[in-house]
1. Just to check your reading of the model, which residue among B:156, B:149 is closer than 30 Å to residue A:324 by Cβ, in contact with a helix residue (DSSP H, G or I) (Cβ under 7 Å, 6 or more places away or on another chain), in contact (Cβ under 8 Å) with a residue 60 or more places away in the chain and surrounded by 16 or more Cβ atoms within 10 Å (Cβ to Cβ)?
2. Can you pull out the residues in segment A:164-188 that are surrounded by 12 or more Cβ atoms within 10 Å (Cβ to Cβ) and not in a helix (DSSP H, G or I)?
3. Which members of segment A:259-271 meet the condition of being over 18 Å from residue B:282 (Cα atoms) and either surrounded by fewer than 22 Cβ atoms within 10 Å (Cβ to Cβ) or modelled with pLDDT under 90 (or both)?
4. From the list A:360, A:341, A:337, exactly one residue is away from every other protein chain (no Cβ under 13 Å), in a helix (DSSP H, G or I), closer than 30 Å to residue A:423 by Cβ and touching a residue at least 60 places away in the same chain (Cβ under 8 Å). Which is it?
5. So if I check each of B:233, B:227, which one is modelled with pLDDT under 85 and either assigned by TED's automatic domain parsing to the domain that holds residue B:389 or under 30 Å from residue B:363 (Cα atoms) (or both)?
6. For residue A:203, work out the one condition from (1) within 14 Å of another protein chain (Cβ to nearest Cβ); (2) surrounded by fewer than 20 Cβ atoms within 10 Å (Cβ to Cβ); (3) under 30 Å from residue A:371 (Cα atoms) it doesn't fulfil.
7. Which residue pairs have Cβ atoms under 7 Å apart, sit 6 or more places apart or on different chains, and have a first residue in segment A:248-259 that is more than 7 Å from every other protein chain (Cβ to nearest Cβ) and a second that is crowded, with 19+ Cβ neighbours inside 10 Å and not in a helix (DSSP H, G or I)?
8. Inspect segment B:102-120 for any residue being within 30 Å of residue B:52 (Cα to Cα), loosely packed, with under 15 Cβ neighbours inside 10 Å and away from chain A (no Cβ under 14 Å) and give the result as yes or no.
């Protein structure tokens, strides 16, 4: 007994030291491990911040634009009264500006050409419209406000630097000097870029806007919602409330789970083969886009609806049945109305998801340039995500900031939809 | 015309409902009726609309085939002599001419006249068929409605009939899901089969040269275009691996931290933020990759290359100095970021499914939390986590926009993450966008790739779901 106690005491010091050392090591490992987890989360959140920060920092410039206010003498010698729209107003303006500054042009008129390229082609349309509306102005000097061309606008926003060698930028030193001079004269003003929200797509960045794509996306989502929500709810009600437990129901269930994981581009191939090549529906139309997105949204919609149907306690069903309601009456009169907040939340979230889907749209033809604002579901139209893709591919640098702005518009719509879903859930969800 | 028909049908249905309601009320005035008048009326509506709708849909489906059959029955010999691809192109041009549009191709002399006459005939035949279809639909609606009206009697069990119809309709809704799968498989297999007639399947699966651009012209079918998809598979694999290297550890560790260490407050803030990352559309990630990550990585490697040039690692330096924006690393890294929330939320579910008793037992034996996680939790959760990773892999393989915008088009057979590679999805998009005549092997190749993609992701999903299901069962 005492021997054993002695031995214990003798052994205890090195043993305890070893244990203490081991414990220290183990605790250090514990702290390290905890930091791995923290770092992983920090990394993920940093990526999120970087992603959103980059988009905002690239895109906020697109929300304002520079316009020039210059006087133009509507020279009667240059304007054909019978066809005023045919006048080369840009040339006229450019030449008058050069003359006013005392710049002598060469024989080819290359300086006038360089000056002309600083202004948007909108200048021509504005002057033509003015002259057509009020022909009496011919022979007078009128002040005209016009957007700058995309490159001039970029310089005025400070995104084209003079330090870049002139062969690597799209504006010459002379053009930059002219812009500086216009600015010094107070002819340049920065204002909110209305064109971005009120115009359809255009080949010229300063005139391009997202309205066409927003309307196209809205039409498409309308088609998707009209098709997918009734079908999805119907399928979910069948599987959850009516389906007998047999092989067929099991097959359908497995099928739906697998469809939810099919890559979206495969749905694009399906849409191309089925709706366009076989049914000959119009290419690039919101109708076809909506159909494809509806097929794609169905599985997630079914899964969401089923889980909210499952959340309705069986006592509701049993009470209805006990009062003599038929199965159909119990489901449509009691279970489904109670599950409705959940169903609508799921529907809105899957619509928001469909709004951002791009790959299938490219395959059904929404990759080509569509000017203007679409008005019908069977006409070619753009969509927000495909517009983002098209603009990102454009060579003009001014489209890059507009791409980021279009992304902000898209994200804003998605945020609004998701907020609506969250509010709906908070407001109407019942816990049993 | 065909667009108007559903609307007219809807109107007819409304009339049938109103009529049925009135009739049921009158006939059931003197005695107790089994079903309510509205149920009789609903049945009248169903019988008016549904048969007519079936006729309409069947007619619409059959219309192209019947039209083609009628047109081809009187086909000009010059058209009959054309080879299949050209013949299909001729007919699609004839349709365009008939609709008053421009033909896409220029046709030589005998065919050019034939184009106009065929176009006219197509329009004529189609108009006639549409009229016939409208008549058939009207007849079906009328007969169905009359049948239903004839059956309105107090003793008739209209409610049961309506409920059967509802059950059938609900079943049809869920059958759409199966039909979608059938549609996907049918369209992919049909067009792939046409593709494999001009390009042997072995060449497609094992060939190492991919240059579909050469085969644009129809007379070059299969002879000079190279359709060996191995470089695409390798590129897809490479980008997927990079993505998993990024997403795997970050996703798994954040899931472990969130479920085992984080307090409720941290969870409540971090989880929604990760969900935002999951909700960002892929086209936005593509933009981020193409205009932020790509240039940043290029500058980084070019700078390192600049330092190394002239030193002992001159060769490496030369290579790094010429690295492009569109390297596999760009697309892979951004795809990894996209997958983080996916991996994290799946792993979170898996880890939470491990019974608390396992944790308690391990902690009671004196293990630290990290020891519990690495030696008890992880081995227990391993199958589930593996399933989650497989699902992420399948996502990465099928992801399109990031690679389309940030990876290149050059089909290099390489495993170097700094090289430009291309993927299956990029090629599908490239082959099917832009100017194209649909019936060339070049565009059909996209369906071959699509079929491969579908089969691979489907098997990955099935395996992953099996694993996860078996894992869940173990602890239920």
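The values are calculated or read from the model by the stated rules, or taken from the named source; none is laboratory data. Keep in mind it's a predicted model, so treat the numbers as computed, not measured. Cβ: placed from backbone, ideal geometry, glycine included. Neighbour counts: every protein chain shown.
1. Numbers: B:156 fails: in contact with a helix residue (DSSP H, G or I) (Cβ under 7 Å, 6 or more places away or on another chain).
Step by step, each of B:156, B:149 is checked, and only B:149 is closer than 30 Å to residue A:324 by Cβ, in contact with a helix residue (DSSP H, G or I) (Cβ under 7 Å, 6 or more places away or on another chain), in contact (Cβ under 8 Å) with a residue 60 or more places away in the chain and surrounded by 16 or more Cβ atoms within 10 Å (Cβ to Cβ).
2. Once the filter is applied, which keeps residues that are surrounded by 12 or more Cβ atoms within 10 Å (Cβ to Cβ) and not in a helix (DSSP H, G or I), segment A:164-188 yields A:169, A:170, A:171, A:172, A:185, A:187, A:188.
3. Result: A:259, single match.
4. Values: A:360 fails: away from every other protein chain (no Cβ under 13 Å); A:337 fails: touching a residue at least 60 places away in the same chain (Cβ under 8 Å).
Sole residue among the options that is away from every other protein chain (no Cβ under 13 Å), in a helix (DSSP H, G or I), closer than 30 Å to residue A:423 by Cβ and touching a residue at least 60 places away in the same chain (Cβ under 8 Å): A:341.
5. B:227
6. Of the numbered conditions (1) within 14 Å of another protein chain (Cβ to nearest Cβ); (2) surrounded by fewer than 20 Cβ atoms within 10 Å (Cβ to Cβ); (3) under 30 Å from residue A:371 (Cα atoms), the odd one out for residue A:203 is (1).
7. Cβ pairs passing all conditions: A:249/A:243.
8. The answer is yes; a qualifying residue exists.
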